[in-house]
Amino acid sequence: MHLIKHNRRTYRSHRSHINLLQTTKLADELPAQLSELHLRPRTMTPSFTLRKLTPKDKEGAIDFLRRFFFLDEPLNQTINLLETPESRCYELEDYASSSLADGVSVAAVDENGDFVGIVINGLAKRDEVDYTDKSANCPDPKFRVILKFLSDLDRQARIWDKLPLSCHTVLEVRIASTHSDWRGRGLMRALCEESE
Ligand SMILES: CC(C)(COP(=O)(O)OP(=O)(O)OC[C@H]1O[C@@H](n2cnc3c(N)ncnc32)[C@H](O)[C@@H]1OP(=O)(O)O)[C@@H](O)C(=O)NCCC(=O)NCCS
């Protein structure tokens, strides 16, 4: 009985020795094998939740957009829309906040409830289509340039001529903005999917 026990123990200890050797060999080879796979390093995305924006969010949404979108969206950046962080562009603020009433804008909030991404969407209706250029009425000379550019694009695109006549309403993505620390992690993709 004793002998059998002893042999079993010896066998077990041999087996674990072999396992250890194999594991060590695998561990030694792992870095080289991984580098051959050219894996991209993955960053952890902290958790966020999505929620609908309402007109009550106007102040918070504008504050967020003034910190990011107003400064770093390429058109705004090109014309240096805000000359100092304190500068205001009331026309762009109105453009953003007036779309909240359509009830189709979405925000991503972090664990503290702070905005980390916003997509401002609006509903455009076929029977309200108006391609006339109203940029000349814009008091802000810088934003006027952007309005003129967007209005020219609108006229060239003529989306309603391309949509089936049965389509009366479309969702327009008007402003997309992600907090600079959260970019490249799929936040805007999630916001756009939620908008759909
Ligand atoms: C553009 C912006 C909203 C993207 O937000 P984000 O959360 O980093 O985007 P995501 O990580 O969800 O990426 C979504 C897709 O957009 C692409 N993308 C991201 N930033 C991009 C950029 N600056 N230019 C082109 N494509 C971009 C990504 O490759 C990704 O494509 P995929 O899903 O096919 O791989 C963000 O960079 C931002 O706020 N920029 C400043 C404001 C701006 O330019 N807004 C757009 C005009 S309204």
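Readers should treat all values here as calculations from the given coordinates under stated rules, not as data from a laboratory. Remember, it's a predicted structure, so these values are computed and weren't measured experimentally. Cβ sites come from the backbone with ideal geometry, for glycine too, and all protein chains shown count toward neighbours.
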Query raised in the report: What is the packing order of peptides 93-103, 78-88, taking the mean over residues of other C-beta atoms within 10 Å and listing the highest first?
Result: 93-103, 78-88
Report task. Compute the separation of the alpha-carbon centres of the stretch 79-104 and the stretch 127-176 and state it in Å as a whole number. Result -> 17 Å
Report task. Starting from the Cα of GLU29, step 7 Å along the direction of its Cβ; do the same at ASP181; then give the gap between the two resulting points in nm. Result -> 4.3 nm
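For the stretch 131-176, which chymotrypsin sites (Phe, Trp or Tyr not before Pro) pass both filters: DSSP loop (anything but H, G, I, E, B) and at most 14 other C-beta atoms within 10 Å? Show your work: numbers first, answer last.
On the way: sites: TYR131, PHE143, PHE149, TRP160; in loops: TYR131.
Hits after loop and neighbour filter: TYR131.
Considering only DSSP states other than H, G, I, E and B, which GluC sites (Glu not before Pro) in the stretch 109-175 qualify as loop sites with at most 10 other Cβ atoms within 10 Å? Write out the running numbers ahead of the final one.
Working: sites: GLU111, GLU128, GLU172; in loops: GLU111.
When the GluC sites (Glu not before Pro) of the stretch 109-175 are filtered for loop state and at most 10 Cβ neighbours within 10 Å, GLU111 remain.
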Requested in this report: About the Cα centre of the stretch 129-189, how large is the charge dipole given +1 on each Lys and Arg Cβ and -1 on each Asp and Glu Cβ? Please answer in debye to the nearest 20.
Outcome: 220 debye
Query raised in the report: Is the stretch 49-195 rounded, prolate or oblate when judged by the Cα gyration tensor, a ≥ b ≥ c being the square roots of its eigenvalues, rounded requiring a/c under 1.5 and prolate requiring a/b larger than b/c?
Result: oblate
Query raised in the report: Over the stretch 120-160, one equal point on each Cα, no solvent: what is log10 I(q)/I(0) by the Debye formula at q = 0.17, 0.23, 0.28, 0.34 Å⁻¹?
Result: -0.52, -0.86, -1.03, -1.10
Query - Derived scalar couplings ³J(HN,Hα) [the stretch 47-52; Karplus, 6.51 cos²θ - 1.76 cosθ + 1.60; whole Hz; x for Gly, Pro] - result: 6, 9, 10, 9, 8, 6
